[in-house]
1. Considering only segment 266-277, state which residues are farther than 13 Å from S113 by Cβ and either open to solvent by less than 20 Å² (accessible area, probe 1.4 Å) or aromatic (F, W, Y) (or both).
2. With the requirement that a residue be loosely packed, with under 15 Cβ neighbours inside 10 Å and closer than 30 Å to M220 by Cβ, what does segment 78-93 give you?
3. Only residues in segment 330-356 that are over 20 Å from P34 (Cα atoms) count as the first member; pair them with residues that are polar (S, T, N, Q) and part of a helix (DSSP H, G or I), Cβ under 8 angstrom, at least 6 apart or cross-chain, and list the lot.
4. Considering A208, A138, which residue is open to solvent by 10 Å² or more (accessible area, probe 1.4 Å) and within 30 Å of L372 (Cα to Cα)?
5. Answer with yes or no whether I72 is among the aliphatic types (A, V, I, L, M) and touching an Asp or Glu at 6+ places or on another chain (Cβ under 9 Å).
6. Only one residue in S63, S29 is open to solvent by less than 60 Å² (accessible area, probe 1.4 Å), of a type outside the set (K, R) and more than 20 Å from V353 (Cα to Cα), so which one is that?
7. Any idea how many residues of segment 4-26 are touching a Lys or Arg at 6+ places or on another chain (Cβ under 7 Å) and over 15 Å from P357 (Cβ atoms)?
8. When only residues in segment 4-32 that are of a type in the set (F, W, Y) and at pLDDT 95 or above count, which is farthest from V363 (Cα to Cα)?
Amino acid sequence: MNYDAFFAEKLAQLCAEGRYRVFANLERSAGSFPKAILRHEGESREVTIWCSNDYLGMGQHPSVLAAMHASIDRVGAGAGGTRNISGTCVYHVDLEQELASLHGKEAALLFTSGYVANETTLSTLGKLLPDCVIFSDALNHASMIEGIIHSGAEKHVFRHNDVAHLREMLSKVEPGRAKLIAFESVYSMDGDIGPIKEICDVAAEFGALTYLDEVHAVGMYGPTGAGVAEQLGLADRIDVIEGTLGKAFGLIGGYIAASARLIDVIRSYAPGFIFTTAMCPVVAAGALASVRHLRSSNAEREGQRRVSAETKRRLTDAGIPVMACESHIVPVLVGDPVLTKRITDELLERHSVYVQPINYPTVPRGTERLRLTPSPLHTAEDLDHLVASLVEIWGRLELRKAA
């Protein structure tokens, strides 16, 4: 077999479909977010980022940077091993205690990413729970899907946010079997929010564990930034809350918060935790500072909500097809992968606005889009420029406008 020719063919197929991904070489400058320097083919220029998951700019916050500098000076760079073999340090322990407190749980466990947290926890629970059946929302993140698949457990996918469909599926499972419902609070591509209370009600009725992915909500919702479950007063009804340190908290890493026994089981049985080098202490120190700051400060959340609402209003008034959503995310429907890529290329090349195209398999075919993530650090001038740039492109390309 000509392996190289096979790989070339697969890449050519992605290019033809407009789904080949190009990484922007961005140099973020401390204190200047959302501005960054784009480096390409030996040239560099300033651009404005409108698609970062650093929703609140905490990756640039002075308290976070100070904590990381102090950590480097105190303990050095790397963890030195897995958590079991010399890799656990004071920053890991303090951060896990802080995260458990944040969510009102007995314990928490750190992972190297939110993806690893989901894949590892769900696969381990599905393997360990006797005769387990897992129920998964149709729009769950790829990391949750992979974890469920790797668990080997029986699985059922219920229609997105359709509690009646979930209940129908649960009613067909033998009462004595272990059951787990996996779902999200904020769904990152459509920006809608899951029916947490209703799912908890159904879970209680059928004796199922609840597993809630709050990665796009932690730091963003609730009086202390613990997520949508906190905002709704439902955190005590969730058995496992999964979150990330890589979005609103501005760093990298993932975690779960749950009962002490459940956390201990994952810590003791999950290969994805046991055999992975521990998070660098400097990252844990920065995340700890970020979580502590956002537990006591609402300024960042309030600023983000204002900019997000204004972005939706301005774009809608200009006829740009903003998809209806109730969260901080601003999705703009295009519906064609090649066209989506062309729009984002022109935003970058003509207007120095960086937005990454969102295509299949991240979203279903025919729903390709721009995914804008306003932050409290985007200025009125930044928003003016974004709106004017999109209006210019929509008009010149004669794209469909919102009714």
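1. I266, Y269, A270, F275, listed by residue number.
2. Those that are loosely packed, with under 15 Cβ neighbours inside 10 Å and closer than 30 Å to M220 by Cβ: V90, V93.
3. The qualifying pairs are V334/T340.
4. On the way: A208 fails: within 30 Å of L372 (Cα to Cα).
A138 is the lone residue from the list that is open to solvent by 10 Å² or more (accessible area, probe 1.4 Å) and within 30 Å of L372 (Cα to Cα).
5. no
6. Details: S29 fails: more than 20 Å from V353 (Cα to Cα).
Result of the check over S63, S29: S63.
7. Residues that pass the stated criteria total 1.
8. F6
The values are calculated or read from the model by the stated rules, or taken from the named source; none is laboratory data. If you're wondering where the values come from, they're calculated on a predicted model, not measured in any experiment. Neighbour counts are summed over all protein chains in view; Cβ atoms, including those assigned to glycine, are modelled from backbone coordinates with ideal geometry. Note: accessible area is taken over every heavy atom of the protein model, side chains too, but ligands, DNA and RNA are not part of it. Shrake-Rupley method; radii C 1.70, N 1.55, O 1.52, S 1.80 Å.
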